[in-house]
Every structure is written in C-alpha cells, then in structure tokens.
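The values are calculated or read from the model by the stated rules, or taken from the named source; none is laboratory data. Since we're looking at a predicted model, the values are computed, not measured. Cβ placement follows ideal geometry from the backbone for every residue including glycine, while neighbour counts extend to all protein chains displayed.
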Amino acid sequence: MNHSPLLEKALVLLQQNNHGAIQQPILDLACGGGRNGLYLVENNIPVVFADVKASALEQVKNSLNDDNSGEKPTVSLWQVDFEQQGVKPLLDKSFSAIMVFRYLHRALFEQIKQAIAPGGYVIYETFTEDQPQFGRPNNPDFLLKKGELTKLFTDWQIIHSFEGVVDANNESGKQAIAQIIAKKPIESK
C-alpha cells in the first residue's frame, strides 16, 4: 500500500525543518504497517514509528530491513498504548512533526500539540462523520465532526486543509476524510 498523497504536500516542509532549526524526528503516531513513515525514511527523514501492536512494528522493521537502498536516517520503534487511561505518553517528548493517518483518539490532541516543537508541523488525515455511507468506520467516536480538525488548530498557521469525499480503493470507491497540515507558532504556549 502506498503512502498518503497528503505527505507529498508536506514533504518539502518536513525536509526543510529536519535540516534546519528543528532536528528532531517525526512521530508516525499509530503507524500500523508504517507506509507513511517509510515514505519519509525513503526521503532521508528520521522517523519514530509508534503503535500499540508489536506485530505492526515488526512489519515496519521487516520493511526497513528489506530496503537495501543504502544509508538511512535514524529510525526507532516505540510500542505504546496511546489510549491507556491516566497515561500521557507524549508528555516531555518533542518532535519536529507528528503525523496521524486513519486514527482518532480525541484525548490525544492536546498532547500532540504540546509535543510538536515550535515551528514544527502536524499532518493529520482521518475519516469524517460522512464516512458511514461509504463503509467503515462508522462509530462516531472515530469520526471527525464537520470542521473539527481545522478548529483544533485555529491558533496555528494552516498550510493545507481539506474536508470532503475522495476516491478510494474500497468497496464503494469513496471515503469521507478531513486533512490538515498546520505549523505550530514559534512562540507557543
């Protein structure tokens, strides 16, 4: 499975940040098989792959080992449960960017915002409440409300924002998503 096209919109920004003032890795939060983080690694950007499933991280590790294209940036694997009650896994962490695809746990948004270094980016893409007409997921807990993603980052510089229906490789051929690429203010709380 290929990386999200949204990453192509963010690639130059991430490369500039990573070779500029912010030289911290990018967090691929709830990475699954790592398709998006692996795309960044291919483009010489350090990535921390994080997922609750050891099997997902093993898949990432195998993909990295199968790639014999030469020197790679720093990569680490982090097995973590982002939904564990009373635990804040992103507290005291710092990343040049955090990317999240096809995952929504609303309690994490404040942690995500604080864990991105000033001048860093959030890249987020997941399903909206219009998705059930096209298939799963259909649980409202995992679906963004209209305008919710943009509203969460109103105090950031929004580079890209989209909300609507796109073509997809699924049974219905469509999916309802929201996307954002936003830059954290340099002087941020």
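Summary of computed values
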{"quantity": "Filter result (at pLDDT below 85, farther than 11 Å from Y121 by Cβ and surrounded by 14 or more Cβ atoms within 10 Å (Cβ to Cβ)) within segment 4-20", "calculated": "Q15"}
{"quantity": "Identity of the residue in segment 144-176, touching a residue at least 40 places away in the same chain (Cβ under 8 Å) and touching a Ser or Thr at 6+ places or on another chain (Cβ under 6 Å), that ends up surrounded by the fewest Cβ atoms within 10 Å (Cβ to Cβ)", "calculated": "A176"}
{"quantity": "Conditions (1) at pLDDT 90 or above; (2) within 25 Å of A50 (Cα to Cα); (3) not in a helix (DSSP H, G or I); number of the one not met by G164", "calculated": "(2)"}
{"quantity": "Sole exception among (1) in contact with a strand residue (DSSP E or B) (Cβ under 9 Å, 6 or more places away or on another chain); (2) outside any strand (DSSP E or B); (3) over 27 Å from P140 (Cα atoms); (4) at pLDDT 85 or above for N36, by number", "calculated": "(3)"}
{"quantity": "Among the candidates S63, S69, S55, residue that is assigned to a loop (DSSP other than H, G, I, E, B) and either at pLDDT below 90 or exposed (fewer than 14 other Cβ atoms within 10 Å of the Cβ) (or both)", "calculated": "S69"}
{"quantity": "Selected residue [exposed (fewer than 15 other Cβ atoms within 10 Å of the Cβ), among the acidic types (D, E) and under 20 Å from G164 (Cα atoms)] from D141, D92", "calculated": "D141"}
{"quantity": "Filter result for E125 (of a type in the set (D, E) and out of contact with any Ser or Thr (no Cβ under 7 Å at 6 or more places or on another chain))", "calculated": "no"}
